[in-house]
Amino acid sequence: MIEKKCDSDFENLKKNVKDLLGFNTFQYKDTYLGRRFDTRLRALHIDTYHAYWDLLKKDEAEQKKLLNDLTINVTEFFRDNSVYALFKNEVLPNVIKQTDGEIRIWSAGSSDGKEAYSIAMLAVEALGENRARSKVEIIATDIDRACLQKATNGVYETRPGLTQTDIEKQMRFIEHPAKYFDIEGNTYTAKPCLKQLVSFQYHDLISGLKKKNFDIIFCRNVVIYFNRELQEVLCMDYYNALNPGGYFVMGKTETLIGEARDCFKSYTSRERIFIKE
Ligand SMILES: C[S@@+](CC[C@H](N)C(=O)[O-])C[C@H]1O[C@@H](n2cnc3c(N)ncnc32)[C@H](O)[C@@H]1O
């Protein structure tokens, strides 16, 4: 937060943004919100939160831009090598054994779908010839409707050479990406065989209905933006949403806090994978 701006203006902006856009500002860290607001103020050459609110309330295009900035969507296929290596080699085979191939997975805060599609591809590969006898259901949720639409379309542009967007490089866990994507020039389009495994849904982790009966939950690089109290609540929500023996996969810089620390058993502390015994 830029210091010259006043605290009460900041609090007013938080409240007004919540009322206007339905974005639960009070559950996010102030440092995070401050950085997001300041990005918009700088882009518009505005000095105060008060002046920004005067503009925001009348300007629909700016409302969209702010919402877009508030939901950081950075993601990639198979984000974090060691996490997906463990997921592929240990977690999935364990879960397939436990469930006899009837697996329910939740990608919470799924952004534009790359996480959910990564999970889906690995599940298909892990099931191998048992795929026909199995049932894989992946629910992928987010509050960013543009991201959900992109995920549902399943069309991704690659830019070879740039790590963030080089899909070919990101596909390191998949021997034949063309099994799952139609690849034309720089465009990867998810095939129906991949899309049918994932259902994308609008769901707010803060105010949405509690979900249940999952064998695996990925909630990676999402709770890090929330305040501590909410992180504690969500960690327990994930615990309650898992079946016994289920796995919870967090982001590599995230950690369990509160009651959930005593409930979950750590599967690997480095990769932030936890198990509900
Ligand atoms: C940085 S992305 C993480 C994407 C993916 N999980 C990964 O690790 O690559 C964070 C996502 O969380 C979503 N998000 C933020 N607040 C949310 C909320 N209250 N409920 C659901 N999703 C939320 C954002 O819209 C964004 O798509």
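What trypsin sites (Lys or Arg not before Pro) does region 129-225 have in DSSP loop regions with at most 16 other beta carbons within 10 Å?
Numbers: sites: Arg131, Arg133, Lys135, Arg145, Lys150, Lys169, Arg172, Lys179, Lys195, Lys210, Lys211, Lys212, Arg220; in loops: Arg172, Lys210, Lys211, Lys212, Arg220.
Here the trypsin sites (Lys or Arg not before Pro) that fit, given the DSSP loop and packing criteria, are Arg172, Lys210, Lys212.
Please report the accessible area of Cys193 (heavy atoms, 1.4 Å probe, ligands and nucleic acids excluded) in Å², nearest 10.
Near enough 60 Å² of accessible area.
Pick from Ser111, Ser82, Ser266: which residue has the top mean-square fluctuation in a GNM of the chain where Cα pairs under 10 Å get a spring?
With Cα springs under 10 Å in the chain, the top fluctuation among Ser111, Ser82, Ser266 is at Ser82.
With the chain treated as a Gaussian network of Cα nodes joined by springs under 10 Å, which of Leu162, Leu194, Leu127 yields the largest mean-square fluctuation?
The residue with the greatest mean-square fluctuation here is Leu162.
In the Gaussian network model of the chain, springs joining C-alpha atoms below 10 Å, which of Gly113, Gly34, Gly251 carries the largest mean-square fluctuation?
Highest fluctuation among the options: Gly34.
Give me the accessible area per residue for the chain, probe 1.4 Å, as a whole number in Å².
Working: 13600 Å² over 277 residues.
With all protein chains present, the chain gives 49 Å² per residue.
Quick one: Karplus J couplings for region 164-174, per residue in order, coefficients 6.51, -1.76, 1.60, θ = phi - 60°, nearest Hz, x for Gly and Pro?
Ordered by residue, 3J(HN,Hα) equals 4, 10, 7, 5, 4, 5, 5, 7, 4, 8, 10 Hz.
Share of antiparallel DSSP beta bridges in the chain, in percent to the nearest 5? Don't jump to the answer; show the numbers that get you there.
Working: 14 of 34 bridges.
Here the share of antiparallel DSSP bridges comes out near 40 percent.
Work out the FRET efficiency for Lys191 and Asn68 from their Cβ-Cβ distance, taking R0 = 25 Å, and round it to the nearest 0.05. Display every interim value, and only then the final one.
Values: r = 29 Å, r/R0 = 1.14.
Efficiency, rounded to the nearest 0.05: 0.30.
For Tyr267, list long-range residues whose amide hydrogen, built 1.01 Å from N in the peptide plane, is under 5 Å from its own amide hydrogen.
Sorted by chain and number, the residues that satisfy this are Ile273, Phe274, Ile275.
Report the relative contact order of region 177-277, percent, no decimals, based on alpha-carbon pairs under 8 angstrom and at least 6 residues apart.
Relative contact order here is 23 percent.
Is the shape of region 7-70 rounded, prolate or oblate, going by the alpha carbon gyration tensor and its root eigenvalues a ≥ b ≥ c, with a/c under 1.5 for rounded and a/b larger than b/c for prolate?
On the way: a/c = 1.30, a/b = 1.14, b/c = 1.14.
It is rounded, given that a/c, with a ≥ b ≥ c, falls under 1.5.
Taking N as the number of residues in region 81-275, what is its alpha-carbon radius of gyration divided by 2.2 N^0.38 Å? Intermediate results must be reported in sequence, preceding the final value.
Values: Rg = 16.3 Å, N = 195, 2.2 N^0.38 = 16.3 Å.
The value comes to 1.00.
At 0.36 nm per residue, minus the direct Cα-Cα distance, what do Thr48 and Ser8 gain on full extension? Give it in nm, one decimal, please.
Values: separation 40, 0.36 × 40 = 14.40 nm, distance 1.12 nm.
The span from Thr48 to Ser8 would gain 13.3 nm if fully extended.
Mind listing which trypsin sites (Lys or Arg not before Pro) in region 1-100 are in a DSSP loop and have 15 or fewer other Cβ atoms within 10 Å?
Working: sites: Lys4, Lys5, Lys14, Lys15, Lys18, Lys29, Arg35, Arg36, Arg40, Arg42, Lys57, Lys58, Lys64, Lys65, Arg79, Lys88, Lys97; in loops: Lys4, Lys5, Lys29, Lys57, Lys58, Arg79.
Passing sites in region 1-100 are Lys4, Lys29, Lys57, Lys58.
Report the accessible area of Asp100, computed with a 1.4 Å probe over the heavy atoms of all protein chains in place, in Å² rounded to the nearest 10.
130
Percent of accessible area on region 7-70 owned by carbon and sulfur, 1.4 Å probe?
Working: 1660 of 3480 Å².
It is 48 percent, rounded to a whole number.
Please find the FRET efficiency linking Asp30 to Thr268, where r is the Cβ-Cβ separation and R0 is fixed at 41 Å, and quote it to the nearest 0.05.
Numbers: r = 32 Å, r/R0 = 0.78.
Computed FRET efficiency for Asp30 and Thr268 comes out at 0.80.
The values are calculated or read from the model by the stated rules, or taken from the named source; none is laboratory data. What you see is a predicted model, and the numbers here were worked out from it, not measured in a lab. With ideal geometry, Cβ positions are generated from the backbone for all residues, glycine too; neighbour counts draw on all protein chains shown. To get the accessible areas, we keep the full protein, side chains included, count just its heavy atoms, and leave off ligands, DNA and RNA. Shrake-Rupley method; radii C 1.70, N 1.55, O 1.52, S 1.80 Å.
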